[in-house]
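Accompanying notes for the structure given below.
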Amino acid sequence: MKNELRSFFASVKGYIVMKPFLKMAGIPESSFSLFMKGEMFDYQISTEKLIKLRDYIVEFCEKIA
């Protein structure tokens with residue numbers, strides 16, 4: 001699950017600014033940065049918070065599309 005979320009974030013990272021969404025989800029930027037480096041940093045963020053982050057991003061994209 002976390003690998004799928006990591007792939008999703010990597011695919012949208014070049015198109016949106018992550019900082020506001022990270023703040024909404026309560027995820028520190030440093031933890032997200034480490035998480036994006038690979039599986040060895042999966043412990044940095046809970047699956048629940050990652051799903052919340054994804055949902056915020058998807059919801060925003062649907063509004064502007």
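The values are calculated or read from the model by the stated rules, or taken from the named source; none is laboratory data. Treat the numbers as computed from the prediction; the structure is a model and nothing was measured. No Cβ is skipped: glycine too gets one built from the backbone with ideal geometry, and neighbour counts run over all protein chains shown.
For this structure, a couple of remarks:
- For region 27-65, filtered to residues that are outside any helix (DSSP H, G or I) and not small (G, A, S), the residue that is surrounded by the most Cβ atoms within 10 Å (Cβ to Cβ) is I45.
- Residue count, region 24-65 (criterion: among the hydrophobic types (A, V, I, L, M, F, W, C) and either more than 17 Å from K2 (Cα to Cα) or at pLDDT below 95 (or both)): 5
- Check on S11, over 10 Å from the mean Cα position of the chain (by Cα), part of a helix (DSSP H, G or I) and closer than 17 Å to C61 by Cβ: yes
- The single condition among (1) within 19 Å of M1 (Cβ to Cβ); (2) at pLDDT below 95; (3) of a type outside the set (A, V, I, L, M) that F21 does not satisfy is (2).
- The C-beta contact set for region 26-41 (first residue within 19 Å of I57 (Cβ to Cβ), second residue in a loop (DSSP other than H, G, I, E, B) and not hydroxyl-bearing (S, T, Y), distance under 7 angstrom, 6+ apart or interchain) comprises I27/I45; S31/I45; F32/I45; F35/I45.
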